[in-house]
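Laboratory data are not the source of any read-out in this text; all were calculated from the coordinates shown. Values in this document were obtained by computation on a predicted structure and should not be read as measured data. Cβ placement follows ideal geometry from the backbone for every residue including glycine, while neighbour counts extend to all protein chains displayed.
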Amino acid sequence: MEDNRVVNGKAKAVGNGGRILKFIVIGIIVGILILDSFYTINEQEQAVLTTFGKAQAVTQSGLHFKIPIIQKVEKVNTTIKGIRVGYDNNGNSVESESVMITSDYNFVNVDFYVEYRFSDPIKAVYASNNPEEILKNITQSCIRRVIGQYSVDDVLTTGKTEIQATIKQEMIQELEQNDIGVTLVNITIQDSEPPTAEVMEAFKAVETAKQGKETTINNANKYANEKLPEAQAKVDQILKDAEANKAQRINEANAEVALFNAMYEEYVKNPEVTKRRMYFETMEKVLPGTKVYVTDDATGVTTMLPLEPFSSTVTTSGNHASDTTTQAQ
């Protein structure tokens, strides 16, 4: 009897323990199901809710309900992220990504930083296996294609802004075609330099020469601006002197013409007298300060005369001068 009682007591204890364990397991399962029925989305997140394989985007932040086991949730971080191209997280150069060739067949070492974010959570989760790797491949392809269209001088100096804008535009087009739920925010050139120290020094020398060229051009323009007004003033003065000389020559020519016309009018009135007077005046100019003997063939008288210009007034005293003049005529 005692043995039966012990056995029955043990059986009852085991039965009660089994019920308690069952309740504990059920409670745990219910708790898990309850906990799995809710999920939270932060402000910088979006979610993809999948029901029997059908995906639905959940974009509102806060607490949300889902059917346990049947529905699954995958969260997508929508904050702006970055990808390094040409260098690693420690700032060391990755030559397989950074070394490129330009349109004039020179090598350059260019580093880029790409900023992006997931704009469509469903496509970010299901459109591709690794959207970030696809983004990096698109970035490298566009970078090399664009860099190959520019000269080494543009890549290293003046063309960086234009190159960045061109790469960004091509990447946006590529991402739209691939449609992986990623949006490009920005891409910037972190650094650009020749791949070797020798080439780098050569490019620095080229830049120095360019700056010297610009300085020389500026100095030349300054000198030209200083000298041109002075030269123009000289030109104006020469033109004015030429005009004055021209007017003087014209006036002198007109005076000579008037004198010649006056002499011609006198000649027409009495040609013989005029010719003789002009002859005497010419001889006086040819033989200045000499005595001239004038012979009148009609009378046979030879007279020595100190000839005076016929245009001047004879001031010699006495009748000798007037008699001599008469004989000469």
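Check the straight Cα-Cα distances from Lys227 and name the aspartates and glutamates below 17 Å, setting aside those fewer than 8 residues away within the same chain.
The qualifying aspartates and glutamates are Asp236.
To make sure I understand the rule: partners must be lysines, Cα under 19 Å from the Cα of Lys168, and not fewer than 8 residues away in the same chain. Which ones qualify?
Leaving aside lysines fewer than 8 places away in the same chain, those within reach of Lys168 are Lys81, Lys136, Lys160.
Among Thr157, Thr78, rank each residue by its count of other Cβ atoms within 10 Å, from fewest to most, as a rough exposure measure.
Details: Thr157 14, Thr78 19.
In order of increasing Cβ crowding within 10 Å: Thr157, Thr78.
Under a 5 Å amide H to amide H cut-off, with H placed in plane at 1.01 Å, what residues pair with Glu45 once short-range neighbours are removed?
Residues meeting the amide H criterion: Thr78.
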